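To start, the structure itself, in C-alpha cells.
The values are calculated or read from the model by the stated rules, or taken from the named source; none is laboratory data. As the structure is a computational prediction, the values presented were derived from the model and not from experiment. Because the Cβ atoms are built from the backbone with ideal geometry, glycine has one as well, and the counts that use them run over all protein chains shown. We work out accessible area using only protein heavy atoms, side chains counted, and drop any ligands, DNA or RNA first. Shrake-Rupley method; radii C 1.70, N 1.55, O 1.52, S 1.80 Å.
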Amino acid sequence: MTQSIRRDDLLTGARILVVDDEPGMRHFLVKMLSPLCRAVDEAPDAATAERLLSVHQYDIMVLDNIMPGQKGLDWLHARRESGGFTDTIMITAYADLHTAIEALRAGVSDFLIKPFRSTQILNALQRCLQMAALRRENFLLRRELETTAQGTRRRELIGSSVIITEARRLLERVAPLSTPVLITGPSGSGKEVAARHIHDHSGRGTAPFVAIQCGAIPEDMIEFELFGHTAGAFPGAQSGREGLLASASGGTVFLDDVSELASNAQTALLRVLEDGVIRPVGTERDVQLDLRFVIASSKALDEAVREGRFREDLLFRLNVVEIEMPPLMDRGTDVLDLADLFQAEISAALNLPRLDMPSVVRSAMLRYDWPGNIRELHNFVERALIFGRFPVETLSETSPTQDITPLEVTEKREILRALEALNGNRTEAARRLCVSRKTIDRKCAAWGL
C-alpha cells in the first residue's frame, strides 16, 4: 500500500506555513525553504494563518509564540479543540519550562529557541515530516490488515483475455487524470484490484491508497470515519482524530459499495468531489485536500436514484468515466491463470503443498459460470489445497447423464442472444464474445441473417 519513507522526498513534497510577526524571520524561513519544499506560505499573525489554513492543507506549521493580538500557543490550543490537525514546530525567543510544557500540551511536535541555525530548522522539519508519515502509514497499514482479504492488495490486473486486456487499457488511459472513475461490475469481479491498478499508474503510487468499504461502516459513524472529528464529537470520543480522507491526502481513495452511503454522507462527498474540501465533525473549519477518487458499485446507481436512495447530482459527478469489470465467466482462460496464481499465494501463506491441475479439472473450471466470480475461484482453490484435491463435483450444475447440446447449436444460440441484447451491434457482440467481427458476419451470413 505504501512505499518506504525517504527523508528527502518528504521535504520536497511538503507544504509549509510560516507564522511569525517579524518580517525578517519570515523572509529568512521562506527564502531558505522555498527551493526545498513544494510550497511555503507566510502569515504575520494568527488571523491571517487561520484564513490560509481554511484554503490549503499544510504538512507543517512553523509558529512563533509571542505575537501581537493572540499568542501562538493560545491560538494553537483553540485550533486543537476545534479539530486542527496540522503538525506544528514552535519557535520562540522567550523559552522557559512553563512555555515548553504548554507547547507539549498543545500538541507541538518540536520546539526551537531563537536564534537558530538553518540546519536546526531543517532537521526539525525532517523529523516532523518523517514522524507524521510513519504515523499515517502505520494507521493505514493496521486498517488494511484488519479489513482487507488476502489477494485484494494486488496492484495489477491478471489475465490475457480480450475483455480484460481492454479493461486494463482503459484503466491505464484514465490513470494519469484527476477525474473520478466509476468502476462497475458484479461482486467479486476485481473492482478493488482495478482501483489499485489505476493508483499505481497515476503518478500517485508512492502516496497512500485508502480502500473504504462504505457498507461496512455503521451509518451513524461514517462521517466521523471519513472526515475526522474533534474530542467530544460523539460519546466516547476522548480525543480528536484525522479522518480517512485526510489520511489519504496526496493519494487515492477507493470507495466501494458507494450506494450504501447515507444521504448526509452523500452530500458531504459531493462537496469533496467538487471542491476537494472536508469539514471534520464538530468543527467549523474546512480542510483542503488533494485526492483522487475511484468509486465502485455492484448495484445500478441509476436505479438507486430512481428509488430515491442516491443523489442524482452525485451520480452525475461520479459517472464521468465508467469502466465495467467483466464477470469471470466472460474471461475465458483467465480462470486458469488466476487459479495458478492463487495456488502459489495460498500454498505459501498456509504452508500447504501445491496440487497438480489435470485437464479434467481445467475443463470443469472453464465450463463453470463462477457466479461468485474471482472471490469464488479463490475460495475454491483454497478449499482444494486444504483438502488435497480439487472438488470438481461442486462445479457441476448439470447431471452427467443429461443430453449434450451440439456445439453448433450452443454457438448459434449465444451469438443470437448477444445480438438481441445489443440491438444488433455486431462489433460489440464480437467483443463481448471474444471473437472477431468477421466471425460474426460469416455465421450470420450462413444463417441467412
*asked:* Which condition from (1) crowded, with 17+ Cβ neighbours inside 10 Å; (2) assigned to a loop (DSSP other than H, G, I, E, B) is the one that residue 356 breaks?
replied: (1)
*Contacts under 7 angstrom Cβ, first residue in the stretch 430-449 being touching a residue at least 12 places away in the same chain (Cβ under 8 Å) and under 18 Å from residue 164 (Cα atoms), partner open to solvent by less than 50 Å² (accessible area, probe 1.4 Å) and not acidic (Asp, Glu), 6 or more apart*: 432/418; 433/415; 433/418; 434/161; 434/163; 434/332
_Within the stretch 328-341, tally of residues that are open to solvent by less than 60 Å² (accessible area, probe 1.4 Å) and part of a loop (DSSP other than H, G, I, E, B)_ = 2
*Please indicate, with yes or no, whether at least one residue in the stretch 115-132 is modelled with pLDDT of 80 or more, open to solvent by 70 Å² or more (accessible area, probe 1.4 Å) and under 30 Å from residue 197 (Cα atoms).*
yes
*asked:* Out of the residues in the stretch 369-395 meeting the condition of being open to solvent by less than 70 Å² (accessible area, probe 1.4 Å) and touching a Ser or Thr at 6+ places or on another chain (Cβ under 8 Å), tell me which one is nearest to residue 192 (Cα to Cα).
replied: 374
*Please tell me if residue 106 is at pLDDT below 80, open to solvent by less than 40 Å² (accessible area, probe 1.4 Å) and under 29 Å from residue 32 (Cβ atoms).*
yes
*Take the stretch 94-103 and flag every residue that is under 26 Å from residue 228 (Cβ atoms) and either open to solvent by 70 Å² or more (accessible area, probe 1.4 Å) or of a type in the set (Gly, Ala, Ser) (or both).*
103
*Output the residue which, of all residues in the stretch 1-13 that are of a type outside the set (D, E, K, R) and either at pLDDT 90 or above or out of contact with any Lys or Arg (no Cβ under 6 Å at 6 or more places or on another chain) (or both), is least open to solvent (accessible area, probe 1.4 Å).*
11
*What are the residues in the stretch 17-32 that are open to solvent by less than 50 Å² (accessible area, probe 1.4 Å) and touching a residue at least 24 places away in the same chain (Cβ under 8 Å), if any?*
17, 18, 19, 20, 25, 29, 32
_Looking at the structure I just gave you, is residue 69 of a type outside the set (A, V, I, L, M, F, W, C), modelled with pLDDT under 85, in a loop (DSSP other than H, G, I, E, B) and surrounded by 14 or more Cβ atoms within 10 Å (Cβ to Cβ)?_
no
*asked:* Please pick out the residue among 167, 195 that is touching a Leu at 6+ places or on another chain (Cβ under 8 Å), at pLDDT 90 or above and more than 30 Å from residue 32 (Cβ to Cβ).
replied: 167
*Report whether or not residue 58 is aromatic (Phe, Trp, Tyr) and under 28 Å from residue 207 (Cα atoms).*
yes
*Which one of 429, 344 is outside any loop (DSSP other than H, G, I, E, B), surrounded by fewer than 17 Cβ atoms within 10 Å (Cβ to Cβ) and of a type in the set (Gly, Ala, Ser)?*
344
_Can you find, within the stretch 396-414, the residue that is surrounded by the fewest Cβ atoms within 10 Å (Cβ to Cβ) among those that are of a type in the set (Ser, Thr, Tyr) and either outside any helix (DSSP H, G or I) or modelled with pLDDT of 85 or more (or both)?_
401
*Kindly indicate whether residue 177 is surrounded by 15 or more Cβ atoms within 10 Å (Cβ to Cβ), among the aliphatic types (A, V, I, L, M) and more than 11 Å from the chain's Cα centre (by Cα).*
no
_Condition first: open to solvent by 70 Å² or more (accessible area, probe 1.4 Å), assigned to a loop (DSSP other than H, G, I, E, B) and either in contact with a Pro (Cβ under 6 Å, 6 or more places away or on another chain) or among the acidic types (Asp, Glu) (or both). Now tell me which residues in the stretch 270-311 satisfy that._
284, 290, 307
*Which numbered condition residue 68 fails, given (1) within 28 Å of residue 243 (Cα to Cα); (2) in contact (Cβ under 8 Å) with a residue 40 or more places away in the chain*: (1)
_the stretch 72-93: number of residues that are open to solvent by 10 Å² or more (accessible area, probe 1.4 Å) and under 25 Å from the mean Cα position of the chain (by Cα)_ = 3
